[in-house]
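Participant: Could you have a look at this structure, given as structure tokens, before my questions?
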Amino acid sequence: MQETINLEAVASQYNENLKNTTLRIIICAGTGCMANGSEKVRKAFLNYIQETGLNVKVELKAEDKHPGIFLSESGCQGFCQMGPLVTIEPMGIMYVKVKPEDVKEIVDCTIKENKLVERLLYKDPATGDKCHGVQDIPFYTRQSRFVLKQCGTIDPEDINEYISIGGYSAAKKAFTELTSQDICKEILDAGLRGRGGGGFPTGRKWELTRIQEVKKKYVICNGDEGDPGAFMDRSVMEGNPHSVIEGIMIASRAIGADEAYVYVRAEYPLAVKRIRKAVDEAEEAGILGDNVFGSGKALRCHVMEGAGAFVCGEETALIASIEGKRGMPSPKPPFPAQSGLWGKPTVINNVETLATVPLIMRMGAKEFRKIGSEKSPGTKTFALTGHVVNTGLIEVPFGTTLREIVYNIGGGVTNNDGTISEEGFKSVQIGGPSGGCLTKEHLDLPLDFDSLTGIGAMIGSGGLVVMNQQTCMVKIARFFMQFTQNESCGKCVLCREGTKQMLSLLDDIIEGRATVETLDLLEKLALAVKKGSLCGLGKTAPNPVLSTLKHFRKEYNEHVISKWCSTKNCKKLVAPEINPELCKGCTVCAKKCPVGAISGERKMPHKINVSICIKCGACAQACKLNAITGV
């Protein structure tokens, strides 16, 4: 018989062990910081602290009675561009861009003498002030970290620490005190909507599956996050995987499932590793297994790596992939709630949705509804990238404006060279390929499911790509169309052929071959693909094109009618020229030109005959003064 874990005893023992530490050094071990060398920083800390003779602990054990420094890792702390990040508690210090060679100074000054290493503190570019820690950094202070609250503090590979902060208490209550109807009602009352993009009420999805009178049911956690610029689910799985497992457990109890799958894209090796370890730890602790919390109910959880196809983020394609088939969507109905994995009723929720569930069960639906907006309660994580000062992972309540995110949390818009942009904001692509472009007129629009749907955009999974005035919106539309065309599974003609033709029309526009009729055809084709495609990928693939046509029609007309790209990003639509202030008349460019399009006297600025120039680029490559543009 499976032993029943005593959560209270585990939490008490861990917290007692934690008290027996003098301070805690937390190294960010999310993917971004790991890529920048945080593991080398951790090893440097361990080696140098040991050299100094101080007691350092990398694991808290009851038998270790000697006070010491606790050196631990966390998941993504959010401020990705400033990594590797090192936090020191209880001092509340955060050091940014830490290198192994900085470790000695940190230990000698901060650990030994309680002094700050000023040069490693974050400097607010707006005020020039040095920030002591997260409590001073605007990037953090303007957020409401709810789902992400523990991602940058707890050790994601230690189940005991998760239990010490109340982890698995909601799952225990669900299995031992509540009925499946009680759980579904609580999630319905909370108004939780799916964070994967569609915003369907989670409680309703669960209830539709619960009422199916079938013994075998499944829960699937969708971790196949494939949008360009999106890394929210990855960070939750890396930073707090047990919260996802607990959410799966509660969902399983709600619908009567005894088996679950976590489907993670293979391109997330760290997330795969940590979610697998979380499952193993939960099984070893007796939390998952044949007798969950002594309830007599069983739950087994499997982790499966995705096949790398964007379309597998769609429910029915994901199910097909788990079943060992090619990931292709199927017509609905039947819906997965009726006939899903291997023909059995199945609930599919994404990572962020499931990680929110335990928090709701602990705080109650009424308290949860106080966060966010009336029709979109709670918070949403966003991956903030692009032309913005502060990039990284953020979390805000639904109803927060785009202006707050871009200018206050993000710190403002940057030029292509990283300097602060005086020209400012042009657009933001929200929701990846499935979303649309928002413009200056939307800066004060509250971001939630319904407000965005009303203007033809969507929250999507949560990618936010900020673009400055130097961005060509036609090329942006082409970028996303190229992505969706590559990722089309090819099952339905409208998506398979329509996206290919839309991409071809966009190529005609940016290469100067288009006419006014091209724009009309592009719009008609986009609407046809949107209406007639089988799954969500095809139905939303035209969104970037339709939204840019709507909000940046003038820019399209410039490309088509004037044969001009004002941002100078489309090479075929930029007149080649030589900057007379930079040109020294060395004649190298003229000698390299294969068609004789460049003329001018020696030691005098040269000129390009645009009627002859073939834009081969040979002159620009030869010019050491970077005086030639538009080729």
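Values in this text are rule-based calculations from the coordinates and carry no lab data. These figures come from a predicted structure and were not determined experimentally. A quick note on method: Cβ atoms are made from the backbone with ideal geometry, for glycine too, and the neighbour counts reach across all protein chains shown.
Participant: Can you run phi through the Karplus equation (6.51, -1.76, 1.60; θ = phi - 60°) for segment 445-459 and list ³J(HN,Hα) in whole Hz, with x for Gly and Pro?
Facilitator: Rounded to whole hertz, the list is 7, x, 7, 8, 4, 6, 5, 6, 4, x, 10, x, 10, 7, 4.
Participant: Right, here's the next one. Which aspartates and glutamates, if any, have their Cα less than 13 Å from the Cα of Lys115, not counting same-chain residues under 8 positions apart?
Facilitator: Partners within reach: Glu105.
Participant: Continuing with this model, one more query. Ratio to report: Rg/Rh of segment 379-471, with Cα atoms as the point set and Rh obtained by the Kirkwood method; give two decimals.
Facilitator: Result: Rg/Rh = 0.93.
Participant: Using alpha-carbon pairs under 8 Å, 6+ residues apart, how would you state the relative contact order of segment 379-471 in percent?
Facilitator: Once normalised by length, the contact order is 35 percent.
Participant: Could you state the angle between the C-alpha long axis of helix 516-532 and the longest principal axis of the C-alpha atoms of the chain, as a value from 0 to 90 degrees rounded to the nearest 10?
Facilitator: 20
Participant: Would you work out the relative contact order for the chain, in percent, from Cα pairs under 8 angstrom that are 6 or more residues apart?
Facilitator: 11
Participant: OK, next. Can you divide the C-alpha Rg of segment 81-182 by 2.2 N^0.38 Å and report the result to two decimal places?
Facilitator: Cα-based Rg divided by the globular estimate yields 1.45.
Participant: Just to confirm the number: angle between the C-alpha axis of helix 180-190 and the first principal axis of the chain, 0 to 90 degrees, nearest 10?
Facilitator: Approximately 40 degrees, to the nearest ten.
Participant: Amide H of Phe231 versus every other amide H placed in the peptide plane: which residues, excluding those fewer than 5 positions away on the same chain, fall under 5 Å?
Facilitator: Residues meeting the amide H criterion: Ala383.
Participant: How high is the relative contact order of segment 9-135? Use alpha-carbon pairs under 8 Å, at least six apart in sequence, and give a whole percent.
Facilitator: It rounds to 27 percent for segment 9-135.
Participant: With a cap of 14 neighbouring Cβ atoms within 10 Å, and only residues DSSP puts in a loop, list the GluC sites (Glu not before Pro) found in segment 19-114.
Facilitator: Within segment 19-114, the qualifying GluC sites (Glu not before Pro) (loop, at most 14 other Cβ atoms within 10 Å) are Glu59, Glu63.
Participant: A further question follows. For a paramagnetic label modelled at 7 Å from the Cα of Gln501 toward its Cβ, which residues of segment 527-559 fall within the zone defined by backbone nitrogen distances under 14 Å?
Facilitator: 527-533
Participant: Let a ≥ b ≥ c be the square roots of the eigenvalues of the Cα gyration tensor of the chain; is it rounded (a/c under 1.5), or, if not, prolate (a/b larger than b/c) or oblate?
Facilitator: oblate
Participant: Provide Rg over Rh for segment 308-446; use the alpha carbon set for both Rg and the Kirkwood Rh (inverse mean inverse pair distance).
Facilitator: Rounded to two decimals, Rg/Rh equals 1.07.
Participant: Could you tell me the distance between the Cα centroids of segment 338-412 and segment 462-479, to the nearest Å?
Facilitator: Going from one Cα centre to the other spans 23 Å.
Participant: What do you get for the angle between helix 493-510 and the principal long axis of the chain? Use alpha-carbon atoms, 0 to 90 degrees, nearest ten.
Facilitator: That helix lies at roughly 40 degrees to the long axis.
Participant: Between Glu283 and Lys603, take the C-beta separation as r, use R0 = 56 Å, and let me know the FRET efficiency to the nearest 0.05.
Facilitator: 0.10
Participant: Lysines within cross-link reach of Lys217: Cα-Cα under 18 Å, excluding same-chain residues under 8 positions apart?
Facilitator: Here the lysines satisfying the reach criterion relative to Lys217 are Lys205, Lys297, Lys344.
Participant: Grab segment 474-560 and count how many Lys pairs have their alpha-carbon atoms under 17 Å apart, sequence gap of 8 or more, or different chains.
Facilitator: Step by step, the pairs that qualify in segment 474-560 add up to 16.
Participant: Could you list which residues have their amide H under 5 Å from that of Ile348, counting only those 5 or more apart in sequence or on another chain, with H placed in the peptide plane?
Facilitator: The list, which skips near neighbours in sequence, is Ile220.
Participant: Further, regarding this structure: Restricting to DSSP loop positions (anything but H, G, I, E, B) with no more than 13 other Cβ atoms inside 10 Å of their own Cβ, which GluC sites (Glu not before Pro) remain in segment 307-337?
Facilitator: Sites meeting the loop and neighbour criteria: Glu323.
Participant: Which whole-Hz ³J(HN,Hα) couplings does segment 607-619 yield from phi under the Karplus relation 6.51 cos²θ - 1.76 cosθ + 1.60, θ = phi - 60°, glycine and proline marked x?
Facilitator: Each residue of segment 607-619 in turn: 9, 10, 7, 5, 6, 9, 3, 9, 6, 7, x, 4, 5 Hz.
Participant: Quick one: which of 25-32, 433-440, 617-624 comes out on top by average Cβ neighbours within 10 Å, and what's the full order, highest first?
Facilitator: Those peptides, ordered most packed to least, come out 25-32, 433-440, 617-624.
Participant: Hey, what number do you get for the chain at 222 nm if only DSSP H runs of n ≥ 4 count, each worth -39500 (n - 2.57), divided across all residues, to the nearest 500?
Facilitator: So the helix-based figure for the chain works out to -10000 deg cm²/dmol.
Participant: Another question about this same structure. Based on the Cβ-Cβ distance of His66 and Leu18, what FRET efficiency does E = 1/(1 + (r/R0)^6) give at R0 = 22 Å, to the nearest 0.05?
Facilitator: Approximately 0.95, to the nearest 0.05.
Participant: Taking the Cα centre of the chain as origin, work out the dipole magnitude from +1 charges on Lys and Arg Cβ and -1 charges on Asp and Glu Cβ, in debye rounded to 20.
Facilitator: The calculated dipole for the chain is roughly 1980 debye.
Participant: What's the ranking of 600-607, 517-524 by average number of surrounding C-beta atoms within 10 Å, highest first?
Facilitator: 517-524, 600-607
Participant: If you count, for each residue, the other Cβ atoms within 10 Å and average over each peptide, how do 288-301, 452-465 line up from highest to lowest?
Facilitator: Put in order of decreasing packing, that is 452-465, 288-301.
Participant: So, one more: Hey, got a sec? Which GluC sites (Glu not before Pro) in segment 258-312 land in a DSSP loop and have at most 15 other Cβ atoms within 10 Å?
Facilitator: Filter output for segment 258-312: Glu267.
Participant: Still on this structure, I have one more. How large is ³J(HN,Hα), in whole Hz, for each residue of segment 560-569 in order, when computed from phi with the Karplus curve 6.51 cos²θ - 1.76 cosθ + 1.60 and θ = phi - 60°, using x for Gly and Pro?
Facilitator: Result, ordered by residue: 7, 8, 8, 6, 9, 10, 5, 8, 6, 8 Hz.
Participant: Okay, next question. Between Thr414 and residues 5 or more places away or on another chain, which pairs have amide H atoms under 5 Å apart, with H built 1.01 Å from N, and which residues are they?
Facilitator: Val388, Val389, Ser421
Participant: Counting pairs of Cα atoms in segment 9-135, how many percent are more than 21 Å apart?
Facilitator: It works out to 40 percent of all Cα pairs.
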